[in-house]
Amino acid sequence: AETVLITQQSHEEFRKALGANKTAAPGQQKLVVVSVSPQSRASLAARLQLSPTDTARKLTSFFKRLGVHLVFDTAFSRNFSLLESQREFVRRFRGQADSAQALPVLASACPGWICYAEKTHGSFIIPHISTARSPQQVMGALVKDFLAQQQHLTPDQIYHVTVMPCYDKKLEASRPDFFNQEYQTRDVDCVLTTGEVFKLLEEEGVSLSELEPAPLDSPPGGVSAEEPTSHRGGGSGGYLEHVFRHAAQELFGIHVAEVTYRPLRNKDFQEVTLEQEGRVLLRFAAAYGLRNIQSLVQKLKRGRCPYHYVEVMACPAGCLNGGGQLKAPDTPGRELLQQVERLYGAVRTEAPEDAPGVRELYGRWLQGEASERAGRLLHTRYHAVEKTSSGLSIRW
Ligand code: SF4
């Protein structure tokens, strides 16, 4: 099933959909939207030796030449993923006596990790996973719900494509939780990896460096920006850092200016603590790669996990090193990754609560921060896959 999915969600499928859209009868054409992840942008920038801003503008120009109407940046939808993760953590920390509010909270943005957790540790681990949707799936809701309303379209009249650093994002987009039964459409119709976009450029005979840049589109409900923006806290989205700083302020009234990471077992397992008079108030960790995830799960099973929150990512070194990112034939892997990290960090960062348009969208689109609508559109559920005598069964 996963192979079928990867063939269906490919750059060939994308090209076919664009072709069909161009020849569709008037009134039958779809609005085509592409949302690009900041990790993919950094990978393309490193490979093509461009600045992140040039890459964003030239990619916009490339997609529009192909017939795409709007090109967005998933850094915008990440504002919501970060804010919801912050609030959820504080709520669960305050209610930690209640087992339904289990600590540690484990980050939810990595579908590689979610798949592993559901299949391998099912009902034991699921209560720990944050319910906040990933930036890809928040963008899905923004495009198929908010943008559709703004444009007076139904969700199935929009074809939404994302560009992501890994293949696992295709699996995430295909989860039944992100399928709109009423309109028989997904929040994200097609996911392309960074490598597939590069292939598309090659097959179209386009040199991104030589393309005229195009202005960036305003994100749905956001304001237009001259340059792309991002968040602090590393190439996997900055979950640990944002949740940590927010929790320190909200729960203990402590302002954290800089977050200091302490490497533990290896560079992919790091710890951050908040201490006061020798007492540890908060203990967070980042656990990247399968080896570190397995060790974390073992700690949890033995009841010896000392963390309140863990940023879990399946790829060693995180999303900038995802399996869908570009390789460079002449550049050693480590050196290329350093270039990608440098370019990823070279854009202006902003706090999610300060991003223009976010506060307004909580009002205009979601009917308030803790509303039923915000819960439905910005959060999700997980499903234990259990082995039975007749095979695997999923608990919905
Ligand atoms: Fe994808 Fe890897 Fe990032 Fe997980 S850590 S979201 S698998 S790139």
Margin query: Could you tell me which residue out of 260, 349, 230 lies farthest along the dipole of the chain toward its positive end? Charges go on the beta carbon: Lys and Arg +1, Asp and Glu -1, centred on the Cα centre.
Written below: 260
Checklist line | Residues residue 131 and residue 301, FRET efficiency given R0 of 25 Å [Cβ-Cβ distance, rounded to 0.05] | finding: 0.70
Next item on the list: Springs between alpha-carbon atoms under 10 Å, Gaussian network over the chain: tell me which of 185, 23, 349 tops the mean-square fluctuations.
Entry: 23
Next item on the list: Identify which of 156, 168, 354 has the largest mean-square fluctuation in a Gaussian network model of the chain, with springs joining Cα atoms closer than 10 Å.
Entry: 354
Check: Under unit Cβ charges (Lys, Arg +1; Asp, Glu -1), what dipole magnitude, rounded to 20 debye, does the stretch 240-396 have relative to its Cα centre?
Finding: 840
Notebook entry, point to check: By its C-alpha gyration tensor, with a ≥ b ≥ c as the square roots of the eigenvalues, how is the stretch 302-353 shaped: rounded for a/c under 1.5, else prolate for a/b larger than b/c, else oblate?
Noted result: oblate
Item checked: Cβ-based charge dipole, the stretch 99-185, positive-most Cα from 140, 160, 130 -> 130
Check: Sorting 36, 280 on the 10 Å Cβ count, fewest up front, what's the list?
Finding: 280, 36
Note to self: Using only Cα atoms and rounding to the nearest 10 degrees, what angle (0 to 90) does helix 333-344 make with the longest principal axis of the chain?
What the structure shows: 80
Next item on the list: Compute the acute angle (0 to 90°) between the alpha-carbon long axis of helix 11-23 and the principal axis of greatest extent of the alpha-carbon atoms of the chain; round to the nearest 10°.
Entry: 40
Checklist line | residue 22 versus residue 265: modelled label distance in nm, points set 7 Å from Cα along the beta carbon direction | finding: 5.2
Item checked: Largest to smallest principal axis extent of the C-alpha atoms in the chain, angstrom -> 64, 46, 46
Next item on the list: For each of 144, 327, 170, count neighbouring Cβ atoms within 10 Å of the residue's Cβ, then give the residues from fewest to most.
Entry: 327, 170, 144
Margin query: Within a 10 angstrom radius of the beta carbon, how do 73, 268 rank from fewest other beta carbons to most?
Written below: 268, 73
Item checked: Expected 222 nm ellipticity per residue - DSSP helices of 4 or more, -39500 (n - 2.57), all of the chain, to 500 -> -11500 deg cm²/dmol
Notebook entry, point to check: Within the set 267/301; 267/327; 144/170; 144/199; 16/64; 30/199, which residue pairs have Cα atoms separated by over 19 Å?
Noted result: 267/301; 267/327; 144/199; 30/199
Notebook entry, point to check: What does the charge dipole of the chain about its Cα centre add up to, to the nearest 20 debye, if the Cβ of each Lys and Arg holds +1 and the Cβ of each Asp and Glu holds -1?
Noted result: 1020
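Size of the dipole of the stretch 145-303 about the Cα centre, Lys and Arg at +1 and Asp and Glu at -1 on the beta carbon, nothing else charged, in debye to 20? All intermediate terms of the calculation are to be shown ahead of the outcome.
Values: 16 positive and 24 negative charges, 297 e Å.
With Lys and Arg at +1 and Asp and Glu at -1, about 1420 debye.
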Margin query: Just want to confirm a number: the relative contact order over the stretch 119-265, from Cα pairs under 8 angstrom separated by 6+ residues, in percent.
Written below: 16
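Bear in mind these aren't lab numbers, they're just calculated from the coordinates by the rules spelled out. Because the structure is predicted, anything quoted here is derived from the model rather than measured. No Cβ is skipped: glycine too gets one built from the backbone with ideal geometry, and neighbour counts run over all protein chains shown.
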